[in-house]
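Peer 1: Before I ask anything, let me first share the structure, which is written out below as structure tokens.
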Amino acid sequence: MATLEIKNLHVSIAIADGLKPILRGVDLTVRSGETHAIMGPNGSGKSTLAYTIAGHPRYEVTEGEILLDGENVLEMSVDERARAGMFLAMQYPVEVPGVTVSNFLRTAKTAIDGKAPALRTWTGEVRTAMDALRMDPEFATRNVNEGFSGGEKKRHEILQMELLRPQIAVLDETDSGLDVDALRIVSEGVNRLKGNSEVGVLLITHYTRILQYIKPDFVHVFVAGRIAEQGGPELADRLEAEGYDRFLASAV
Amino acid sequence: MTTDLTTDHTRATADGAHTHGAPGVGVVPEASRASRFASFDLAEFPAVTGAEEEWRFSPVDRLQHLISGAATGAVSVDVTPAQGVTVTVTDRDGASTPGVAGVPNDQLAATAWIAAAQRTQVTVGAEVETDAETTVVVRGEAGAPAASAHLLLTAEHHSKALVVIDHVGGGELAQTVEIDVHDGAHLTVVSIQDWDRGAVHGSSHRARLGRDATLKHIVVSLGGDVVRVTVDGEFTQPGSSLESLGLYYADAGQHLEHRLFVDHAVPRCTSRVTYKGALQGESARSVWIGDVLIRKAAEGTDTYELNRNLVLTPGARADSVPNLEIETGEIEGAGHASATGRFDDEQLFYLKARGIPEDVARRLVVRGFFAELIQQIGVPAVEDRLQTAIEAELELTGL
Ligand SMILES: Nc1ncnc2c1ncn2[C@@H]1O[C@H](COP(=O)(O)OP(=O)(O)OP(=O)(O)O)[C@@H](O)[C@H]1O
Ligand SMILES: [Mg+2]
């Protein structure tokens with residue numbers, strides 16, 4: 001069982017003339033087994049929240065805290081957070097030239113587990129996971145994200161999540177840019193991990209489409225750097241029908 | 001025939017440690033590579049001032065013995081030939097020794113030419129095909145008088161062979177490496193500068209390619225205090241191909257310089273130049289100059305040159321100057337790319353976000369930076385050796 005607690009989180013980014021506040025007091029708790037959806041307009045700070053949880057150096061926490069089972073996450077380095085069980089599927093995965101997917105996956109697995117995976121079972125595990133995500137085995141020999149299409153990059157993110165088996169996974173717009181088949185395949189990947197582990201999921205999305213495959217327990221409306229409203233799955237349907245106008249008006 | 005000029009600057013990063021194209025202030029610009037002075041006789045060259053295009057990046061003071069004709073000592077040259085490869089050592093006659101490939105076009109090349117007392121000739125017999133390595137070990141001695149050496153590598157027609165020149169030890173060496181690839185021959189030449197610290201090495205590689213000849217020329221510079229290698233490739237007949245690869249890893253205080261010149265003077269030849277370097281440590285320095293000249297007669301030329309530098313720590317500096325001169329529009333393709341970058345923070349973040357510790361992530365990126373180039377070498381023994389050398393370099397900075 002794991003609990004990720006975000007308390008009164010304020011985050012700024014450094015710009016030319018000082019700090020620009022983006023997150024203005026976020027409170028959110030994600031427990032093992034729960035699925036939380038975060039929906040909100042462009043620029044409201046959803047990715048900022050995701051990157052701040054992962055520890056990207058661009059984001060400066062000016063107030064508040066992030067705790068994983070009571071441990072101060074903000075004091076951990078990026079890699080320590082991942083080894084503590086957190087995972088971020090990125091909105092824009094990064095190309096790493098010259099590093100093959102298979103080498104990358106093995107290195108990451110070794111780091112997360114603290115020991116190299118048994119060669120025989122590992123190769124099979126990777127192969128099975130790739131098959132399930134309809135990724136050609138050829139991807140294992142390609143360089144990380146290099147020349148991957150948008151949809152291939154997203155599948156590759158989910159592949160990593162399934163193999164690294166985090167306690168808390170943050171998925172930043174994993175559904176964006178996916179065609180209907182890919183959306184289903186990627187959602188099945190998330191559901192597989194939910195089915196065979198206790199992963200807690202924080203799912204950032206603009207569309208209710210993915211929520212038909214991955215059922216959220218909670219939906220949060222993110223506006224202007226904070227959670228403006230929360231509810232159950234029915235809130236997502238309301239947002240789809242009404243948009244964010246109601247919240248935008250009150251945020252100003 | 002199509003005219004397809006591509007000049008890829010898109011990936012060149014803006015970086016303080018990167019110059020591109022135009023010469024800097026106070027430098028006499030050169031009209032064309034075609035007009036550079038060349039002679040077998042050092043006496044015909046003016047003295048080096050350091051401001052010349054070919055010297056402006058070099059530590060001229062440390063190369064003094066190698067550009068003034070003073071390098072009259074000798075180094076040991078041991079050849080272990082593969083089957084079908086012969087070795088002959090002959091006495092030379094200074095400036096009047098007949099040249100096989102090219103003409104010295106700077107004072108260092110001319111010094112090497114007048115000062116070497118002997119020539120070591122390695123000949124791959126006609127139609128001999130061998131995968132076995134012919135090894136040439138050039139060993140210098142620290143504290144010995146500055147030396148000159150002359151190596152002539154000849155691949156007779158329709159032969160196929162691999163020659164690895166290994167430079168080890170110390171001292172100062174001015175060197176000529178003539179490479180003569182006859183019609184239909186495939187020759188791979190690997191020159192590894194694995195000197196001890198303190199060594200100073202200037203080398204003029206001059207290659208001449210016959211009809212349908214293929215030369216794979218690989219330069220690896222790891223050791224020594226100053227290494228300056230010029231590589232001139234000259235096509236004499238149509239249909240031949242030059243692949244020129246280079247890898248360097250400059251540590252604190254090292255100056256590693258590579259100057260390429262590919263002269264497309266005849267139709268339908270192909271050249272590919274790929275050099276990659278990493279730099280780490282205070283005042284680690286690399287220079288890469290890539291001159292490609294496509295002369296009027298060289299219709300159907302296909303050429304691309306690329307240089308990438310990875311600056312691993314502050315205080316290191318990489319200069320990269322690609323230069324493409326095109327005198328005919330009737331070519332297949334011509335392009336160049338040059339970029340100097342630091343560790344990419346986003347790449348490191350991505351790797352670390354998967355639990356990979358910073359030092360391991362950095363190693364992955366550096367290995368990855370060189371991986372593609374190493375794969376292109378195609379000689380397993382050399383590839384393994386390079387992997388090992390890169391691991392050793394990574395150890396050095398505690399990466
Ligand atoms: N370097 C920067 N300079 C100025 N503003 C920035 C910079 N980086 C991010 N921002 C701003 O921070 C705000 C939050 O961005 P963020 O990426 O977190 O939004 P988001 O909710 O993920 O949006 P989207 O739905 O488009 O992905 C945006 O207004 C954005 O313009
Ligand atoms: Mg976003």
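The values are calculated or read from the model by the stated rules, or taken from the named source; none is laboratory data. The structure displayed is predicted, hence computed values, not measured ones. Virtual Cβ from ideal backbone geometry, glycine too; neighbours counted across all protein chains shown. What goes into the accessible areas is simple: the full protein's heavy atoms, side chains included, and nothing from ligands, DNA or RNA. Shrake-Rupley method; radii C 1.70, N 1.55, O 1.52, S 1.80 Å.
Peer 1: Conditions: (1) open to solvent by less than 10 Å² (accessible area, probe 1.4 Å); (2) more than 14 Å from chain A (Cβ to nearest Cβ); (3) hydrophobic (A, V, I, L, M, F, W, C). Residue B:247 meets all but one. Number of the miss?
Peer 2: If we test residue B:247 against (1) open to solvent by less than 10 Å² (accessible area, probe 1.4 Å); (2) more than 14 Å from chain A (Cβ to nearest Cβ); (3) hydrophobic (A, V, I, L, M, F, W, C), just (2) comes out false.
Peer 1: Same structure again: Name the residue that is nearest to ligand 1 (Cβ to nearest atom), counting only residues in segment A:164-178 that are assigned to a loop (DSSP other than H, G, I, E, B) and closer than 19 Å to residue A:67 by Cα.
Peer 2: It comes out as A:166.
Peer 1: Filter segment A:200-214 down to the residues that are away from ligand 2 (no atom under 16 Å from the Cβ) and open to solvent by less than 40 Å² (accessible area, probe 1.4 Å) and list them by number.
Peer 2: Hits for segment A:200-214 are A:200, A:201, A:208, A:211, A:214.
Peer 1: May I pose another question? When you check residue A:150 against the structure, is it surrounded by fewer than 17 Cβ atoms within 10 Å (Cβ to Cβ), away from chain B (no Cβ under 14 Å) and among the small types (Gly, Ala, Ser), yes or no?
Peer 2: Against the criterion (surrounded by fewer than 17 Cβ atoms within 10 Å (Cβ to Cβ), away from chain B (no Cβ under 14 Å) and among the small types (Gly, Ala, Ser)), residue A:150 qualifies.
Peer 1: Out of the helices (runs of 4 or more DSSP H) lying entirely within segment A:77-134, which hold 1 or more residues that are β-branched (Val, Ile, Thr), open to solvent by 20 Å² or more (accessible area, probe 1.4 Å) and under 25 Å from residue A:188 (Cα atoms)? Explain how you work it out, then say what you get.
Peer 2: On the way: elements: A:78-83, A:101-113, A:119-132.
By residue number, A:101-113, A:119-132.
Peer 1: Test residue A:14 against the stated conditions and say whether it is more than 14 Å from residue A:225 (Cβ to Cβ), within 14 Å of chain B (Cβ to nearest Cβ), open to solvent by 10 Å² or more (accessible area, probe 1.4 Å) and touching a Leu at 6+ places or on another chain (Cβ under 8 Å). So that I can check it myself, show each step before the final result.
Peer 2: Details: more than 14 Å from residue A:225 (Cβ to Cβ): yes; within 14 Å of chain B (Cβ to nearest Cβ): yes; open to solvent by 10 Å² or more (accessible area, probe 1.4 Å): yes; touching a Leu at 6+ places or on another chain (Cβ under 8 Å): no.
When the stated conditions are applied, residue A:14 does not pass them.
One line per residue, one yes/no per condition, for (1) over 22 Å from residue B:190 (Cβ atoms); (2) within 13 Å of the chain's Cα centre (by Cα); (3) in a strand (DSSP E or B):
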{"position": "B:233", "(1), (2), (3)": "no, yes, yes"}
{"position": "B:247", "(1), (2), (3)": "no, yes, yes"}
{"position": "B:252", "(1), (2), (3)": "yes, no, no"}
{"position": "B:257", "(1), (2), (3)": "no, yes, yes"}
{"position": "B:271", "(1), (2), (3)": "no, no, yes"}
{"position": "B:274", "(1), (2), (3)": "no, yes, yes"}
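Peer 1: Restricting attention to segment A:30-66, report how many residues are more than 9 Å from ligand 2 (Cβ to nearest atom), among the basic types (Lys, Arg) and closer than 14 Å to residue A:170 by Cα.
Peer 2: 1
Peer 1: Residues in segment A:69-83: is at least one at positive phi and away from chain B (no Cβ under 14 Å)?
Peer 2: First, pick out the residues of segment A:69-83 that are at positive phi: A:69-70.
Filter again for away from chain B (no Cβ under 14 Å), leaving A:69-70.
Among the residues of segment A:69-83, at least one is at positive phi and away from chain B (no Cβ under 14 Å), which makes the answer yes.
Residues are listed down the side, and each one gets a yes or a no for (1) not in a helix (DSSP H, G or I); (2) not assigned by TED's automatic domain parsing to the domain that holds residue B:258:
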site	(1), (2)
B:310	yes, no
B:320	yes, no
B:339	yes, no
B:355	yes, yes
B:359	no, yes
B:373	no, yes
B:384	no, yes
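Peer 1: Still on this model: Looking at (1) within 14 Å of chain A (Cβ to nearest Cβ); (2) open to solvent by less than 10 Å² (accessible area, probe 1.4 Å); (3) in contact with an Asp or Glu (Cβ under 6 Å, 6 or more places away or on another chain), which is the one condition that is false for residue B:278?
Peer 2: The failed condition is (3).
Peer 1: Hey, among the residues in segment B:330-374 that are over 30 Å from residue A:91 (Cα atoms) and open to solvent by less than 40 Å² (accessible area, probe 1.4 Å), which one's farthest from the other protein chains (Cβ to nearest Cβ)? Steps first, please.
Peer 2: Of segment B:330-374, the ones over 30 Å from residue A:91 (Cα atoms) are B:330-336, B:373-374.
Going one step further and asking which of them are open to solvent by less than 40 Å² (accessible area, probe 1.4 Å), we end up with B:331, B:333-336, B:373-374.
Values: B:331: 27, B:333: 21, B:334: 24, B:335: 19, B:336: 19, B:373: 9, B:374: 9 Å.
Applying the filter and picking the extreme gives B:331.
Peer 1: Taking interchain pairs and intrachain pairs at least six residues apart, which have beta carbon atoms under 9 angstrom, with the first residue in segment A:31-58 and within 14 Å of chain B (Cβ to nearest Cβ) and the second near ligand 2 (Cβ under 9 Å from one of its atoms) and among the hydrophobic types (A, V, I, L, M, F, W, C)?
Peer 2: The qualifying pairs are A:47/A:204; A:50/A:204; A:56/A:50.
Peer 1: Please determine whether any residue of segment A:167-184 is surrounded by fewer than 18 Cβ atoms within 10 Å (Cβ to Cβ), of a type outside the set (A, V, I, L, M), within 16 Å of ligand 2 (Cβ to nearest atom) and under 20 Å from the mean Cα position of the chain (by Cα).
Peer 2: Restricting attention to segment A:167-184, the residues satisfying the condition of being surrounded by fewer than 18 Cβ atoms within 10 Å (Cβ to Cβ) are A:176-177, A:179-181, A:184.
Filter once more, so that each one left must be of a type outside the set (A, V, I, L, M): A:176-177, A:179, A:181, A:184.
Next cut, within 16 Å of ligand 2 (Cβ to nearest atom) only: A:176-177.
Subsequent filtering for residues that are under 20 Å from the mean Cα position of the chain (by Cα) retains A:176-177.
The answer is yes, given that some residue of segment A:167-184 is surrounded by fewer than 18 Cβ atoms within 10 Å (Cβ to Cβ), of a type outside the set (A, V, I, L, M), within 16 Å of ligand 2 (Cβ to nearest atom) and under 20 Å from the mean Cα position of the chain (by Cα).
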